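Visitor: Quick one: the structure is below, questions incoming.
The values are calculated or read from the model by the stated rules, or taken from the named source; none is laboratory data. Please read these numbers as outputs of a predicted model, since none were measured by experiment. With ideal geometry, Cβ positions are generated from the backbone for all residues, glycine too; neighbour counts draw on all protein chains shown. Keep in mind that these areas ignore ligands, DNA and RNA; they rest on the heavy atoms of the full protein, side chains included. Shrake-Rupley method; radii C 1.70, N 1.55, O 1.52, S 1.80 Å.
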Amino acid sequence: MAMVKNDNDTTGRVYQKVVQIVEILVLFIKIFTEIFISTVKLFLGEKQKDVSGEIVLITGTGHGIGRELALQYAALGATVICVDINEAGNKETVREANSQGEGEAFGYVCDVSKREQVLEVARKVQKEVGSVSVLINNAGIMPTHSLEQHTPEEIRRVFDINVLSHFWTLEAFLPDMREKNRGHVVSISSIAGHVGLSNLVPYCASKFAVRGLLEALHEEYREKGITCIKTTCVSPYMVNTGLCKKPKVKFPGILGLQDPKDVASAIIEAQRKDLKDITIPLGLYQFGSFCRLFPVKCQLLIKDYIDSGVESDL
Ligand SMILES: NC(=O)c1ccc[n+]([C@@H]2O[C@H](COP(=O)([O-])OP(=O)(O)OC[C@H]3O[C@@H](n4cnc5c(N)ncnc54)[C@H](O)[C@@H]3O)[C@@H](O)[C@H]2O)c1
């Protein structure tokens, strides 16, 4: 009897090993197929989705990247909902967008850090314009000084605007996207969401959080088989909007301040291609991951050599 049991155990173990080997082989075949497809796409260029007819809601449209996003989406024929706390700046964006004569733009004043205000604006937008199909969480602030000089109120405000507001807009617009079985969430993080930088402790923490939020949401939907809602996380390097008050730039030719128009068009391209995670310029993510393969001291030597960041604004 014992001998029969031993034979069965051995057969079971061999069977399990064979299954594991087959699974690993299948995994490798799938990985190489995906690498091949990505390489072909890289050379042939990827098709961009048509956004005319989409209703795109963008936060922080009163200035900077948000304003450029609103103008460019409207120029592509999308209906644009401009949301900002700054009424005058937002009105100017709406006026400019409408004067282009393509997609229509509508303005809403809202402090996105206030959940009730976000939910109220969402109700109005639904009634007055329709269902939002693309949500772009862009509004953000960036106090720039050492951690000791940040007040508790300032730290809370950074998280309220840069992180918690994303939860309120998701709460406001995701259920409708789920119901309609289509939608796209774009979140603006930053290179400061990949690398810790001095004078930006709360800001970096908030931008790391944005990346975590979107990656986890993507994973949750992927596991549930929900493929109709796309997510795109965008991490720009410094942009010439005035948000970075005292930027340190050692190599302006390679890593200088970027034009907000170019950054907005790269964000729209990423959304239209359904890209999951990008840096602007492209390739900084891969460069950062490559540097992290080196010992910490080497990473710091590279960081010191590049010497990019922000001076204190105080
Ligand atoms: N400028 C850069 O160097 C840079 C780099 C990487 C990432 N980013 C990110 O890009 C986004 C846009 O930055 P920007 O440079 O265009 O900034 P910006 O200051 O030019 O514009 C931000 C807009 O957000 C609005 N806003 C601020 N708080 C708000 C609130 N509580 N409710 C509603 N609107 C609010 C402001 O009124 C303003 O119109 C931010 O999330 C920022 O962190 C910027």
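Visitor: Return yes when E269 is open to solvent by less than 80 Å² (accessible area, probe 1.4 Å) and acidic (D, E) and no when it is not.
Guide: Here the answer is yes, as E269 does meet what is asked.
Visitor: Right, next: Tally time: how many residues in segment 196-218 are in contact (Cβ under 8 Å) with a residue 12 or more places away in the chain, part of a helix (DSSP H, G or I) and more than 14 Å from the ligand (Cβ to nearest atom)?
Guide: 4
Visitor: Can you give me the ranges of the strands (runs of 3 or more DSSP E) entirely in segment 15-115 with at least 1 residues that are among the small types (G, A, S), within 16 Å of the ligand (Cβ to nearest atom) and at pLDDT 95 or above?
Guide: Working: elements: 55-59, 79-84, 105-109.
Passing ranges, in order: 105-109.
Visitor: Could you tell me whether any residue of segment 124-131 is away from the ligand (no atom under 16 Å from the Cβ) and touching a Lys or Arg at 6+ places or on another chain (Cβ under 8 Å)?
Guide: We begin by selecting, within segment 124-131, every residue away from the ligand (no atom under 16 Å from the Cβ); these are 126-131.
Going one step further and asking which of them are touching a Lys or Arg at 6+ places or on another chain (Cβ under 8 Å), we end up with 131.
Checked against the condition, which is being away from the ligand (no atom under 16 Å from the Cβ) and touching a Lys or Arg at 6+ places or on another chain (Cβ under 8 Å), segment 124-131 yields at least one hit.
Visitor: Find all pairs meeting these conditions: Cβ atoms under 6 angstrom apart; at least six residues apart or on different chains; first residue within segment 289-309 and aliphatic (A, V, I, L, M); second residue open to solvent by less than 80 Å² (accessible area, probe 1.4 Å).
Guide: I302/C291
Visitor: Could you tell me which of the residues N90, N162, N98, N86 is over 20 Å from G212 (Cα atoms) and buried (at least 21 other Cβ atoms within 10 Å of the Cβ)?
Guide: N90
Visitor: Then there is this: When you go through G193, G183 one by one, which is the residue that is touching a helix residue (DSSP H, G or I) at 6+ places or on another chain (Cβ under 6 Å), open to solvent by less than 20 Å² (accessible area, probe 1.4 Å), within 10 Å of the ligand (Cβ to nearest atom) and over 20 Å from H63 (Cα atoms)? First the steps, then the outcome.
Guide: Working: G183 fails: within 10 Å of the ligand (Cβ to nearest atom).
When all the criteria are applied, what remains is G193.
Visitor: Within segment 135-156, is even one residue within 14 Å of the ligand (Cβ to nearest atom), touching a Phe, Trp or Tyr at 6+ places or on another chain (Cβ under 8 Å) and in a helix (DSSP H, G or I)?
Guide: No, segment 135-156 has no match at all.
Visitor: Right, here's the next one. Name the residues in segment 219-242 that are open to solvent by 70 Å² or more (accessible area, probe 1.4 Å) and assigned to a loop (DSSP other than H, G, I, E, B), would you?
Guide: Once the filter is applied, which keeps residues that are open to solvent by 70 Å² or more (accessible area, probe 1.4 Å) and assigned to a loop (DSSP other than H, G, I, E, B), segment 219-242 yields K224, T227, N240.
Visitor: Still on this model: In this structure, does K261 turn out to be of a type outside the set (D, E), within 13 Å of the chain's Cα centre (by Cα) and either surrounded by 14 or more Cβ atoms within 10 Å (Cβ to Cβ) or in a helix (DSSP H, G or I) (or both)?
Guide: When the stated conditions are applied, K261 does not pass them.
Visitor: Same structure again: With respect to the numbered conditions (1) at pLDDT 95 or above; (2) in contact with a Ser or Thr (Cβ under 8 Å, 6 or more places away or on another chain), which one is the sole condition not fulfilled by G309?
Guide: Failed condition: (1).
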